[in-house]
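The values are calculated or read from the model by the stated rules, or taken from the named source; none is laboratory data. Remember, predicted model here, so these are calculated numbers, not experimental data. Here the Cβ positions follow ideal geometry from the backbone for every residue, glycine too, while neighbour counts run over all protein chains shown. The accessibility values were calculated without ligands, DNA or RNA, using every heavy atom of the protein model including side chains. Shrake-Rupley method; radii C 1.70, N 1.55, O 1.52, S 1.80 Å.
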Amino acid sequence: MRVFPWGFWLLCVASAPARGDSGSKARSCAEVRQLYGAKGFSLSGVPQAEISGEHLRICPQGYTCCTSEMEENFANKSRSEFEAMMKEAGRAVQATLTAQHRSFDSYFQDLLNKSEKALYDAFPSLYGELYTQNVKVFKDLYSELRRYYRSSNINLEEALNEFWTRLLERLFKLLNPQYHITDEYLDCMVKHAEQHKPFGEVPRDLKMKATRAFIAARSYAQGFLVGSDVVKKVSQVSLSHECTRAIMKLMYCPHCRGMSSVKPCNNYCLNVVKGCLANQADLSTEWKYLMDSLIGVADRIDGPYNVDTVIGTIHMRIAEAISNLQENKDSITSKVFQGCGNPKISTKGSSSEDKKRRGKVTLEAKSSAQVLEMLVLDAKGNLTALKTYWITLPSSLCSKKVMSSSASDDKCWNGMTKGSYLPEVMGDGLANQINNPEVEVDITKPDMTIRQQIMQLKIMTNRLGNANNGNDVDFQDTSDDMSGSGSGDSCPDDVCGKRLSKSPSTRQPETHAIPKQSGHGVNGASSRSLPSASLLLLLSVAVTAALHLWR
């Protein structure tokens, strides 16, 4: 009779590991049902209490509240939610860069508009017919300046040279109405203009200063737009299949496991997100260069290139040039006649001297230097803050969006159960993900969309570098290919070789505080995943032994 208690003890031992926490009573799935419904899914077929989880493909195969359909729905949901997090983070950066562009663009356009308006307001009374018969020349100049600033394919120096040439031809004829001056004669006069300097030093000085100012302003405005566009395009890059699985495991597997209140471990979240955003992190180097280049040009705009003064006083420099021509009319005309010969006397006669106004230029320009100073100061602060955007994005998403636990928490979701997370945090960039324990990343296949954006950053940084030196280069990079950019563009043979030879079957196992389920030697909460086939086998052995001994 002592045998029955022994057989009964076998039955108890065999059945005890089936529940690792609250006895034999299955836990309620009320929290998961509520979450699942809140996400917009039907509750039809959703378990009321935990069921065995051998059907799960992503989450640990212990007791679970999730069916295969729920797991798939949660995976798709986690993917869309994470991509939405990326776009939201990107929109914040886009908004910052777009706002900086809008502020500077508005300031610069206003500066140019005020100069043009001041010219139209003052020149009729200052120069009479010298202005009224040449309005189109002035309008064309400002139109060309705007087109250049808006990135049209215009050579700024040639546009300025063309303005002075046209202006000289027209004014010379108006100042010498008694002569019949042909187009051929004007061509000769223009050839000697550099020698005679009819407008004094104004054309040369204005060309040098305006060119530098416009180049800097145009590149500066372009830089903000390129940065914003890069963020937009990169934020739209889809997640890989491996990343979707990892994000699902991070965000929704704890719910399936009945641990809705347990936050993901911070380092676990970082490894998942760094693996998913490995390519994005490779933008960091060129992104930082762009931010630094924008800051450098901003200092030039508010410093040596003196955009406020140069652009805001264009009309005054033109007036100075015209006055110089008027005051030195006789001397200049004499030099032209010496070089090109005396033109024929016109039969139309001369106009009265009263129609040609003379006098000192009394134009004034209202300075907006303080506005520019504030714009540059604000821009530099924002650009400095954005330098580390791509490499700080994982920690930002984990702390603010995924709501991971603190780094010291040892009762967090580690991908398997509630406990601490032991693996080290991976570095940034594609090449550093070769041993990522959470996301399978092929470091030999960089994302081509992101590589293209790295190239766009390089091109824009080059433009800004030229602008910083006062050079206008319509840059097209034909020397560098995309394989040479970023921290993960190429990898040593030994590293790539390791990655290529690494298959899922030989992949290093994840290391957690509580080991992965193996079907033997599992204790505590993880024992809930003991397969039902093993339980039936133990029960069968115990019952057979008891009956045999009983007989």
| said: If I compute solvent accessible area with a 1.4 Å probe over the protein chains, what percent of it on the range 29-77 is carbon and sulfur? | reply: 45
| Roughly how many debye, to the nearest 20, is the charge dipole of the range 29-77 about its Cα centre, given +1 on each Lys and Arg Cβ, -1 on each Asp and Glu Cβ, and no other charges? | 160
| Can you list residues whose amide H is under 5 Å from Lys418's amide H, if they're 5+ apart or on another chain and H is modeled 1.01 Å from N? | none
| request: Please give the peptides 338-346, 239-247, 26-34, 412-420 ranked by average Cβ packing (other Cβ atoms within 10 Å per residue), highest first, as a rough proxy for protection. | output: 412-420, 239-247, 26-34, 338-346
| Amide hydrogen neighbours beyond the local backbone of Asn176, cut-off 5 Å, H modeled | none
| Volume per residue of the C-alpha convex hull in the range 162-204, rounded to whole Å³ | 70
| Which distance in nm do the two modelled labels at Ile345 and Asp378 give, with both placed 7 Å along the Cα-to-Cβ direction? | 6.6
| task | Using label points projected 7 Å from each Cα along Cα→Cβ, tell me how many nm separate Arg27 and Asp121, to one decimal. | result | 7.5
| query | Once you charge only the Cβ atoms, +1 for Lys and Arg and -1 for Asp and Glu, what is the size of the charge dipole of the range 72-186 about its Cα centre, to the nearest 20 debye? | reply | 360
| query | By per-residue mean of other Cβ atoms within 10 Å, what is the highest-first order of 186-192, 392-398? | reply | 392-398, 186-192
| request: Give me the accessible area per residue for the range 29-77, probe 1.4 Å, as a whole number in Å². | output: 49
| query | Points 7 angstrom from Cα along the Cβ direction at Gln195 and Val371: gap in nanometres? | reply | 4.6
| query | From Cα coordinates alone, what are the radius of gyration and Dmax values for the range 29-77 in angstrom? | reply | 9.9, 26
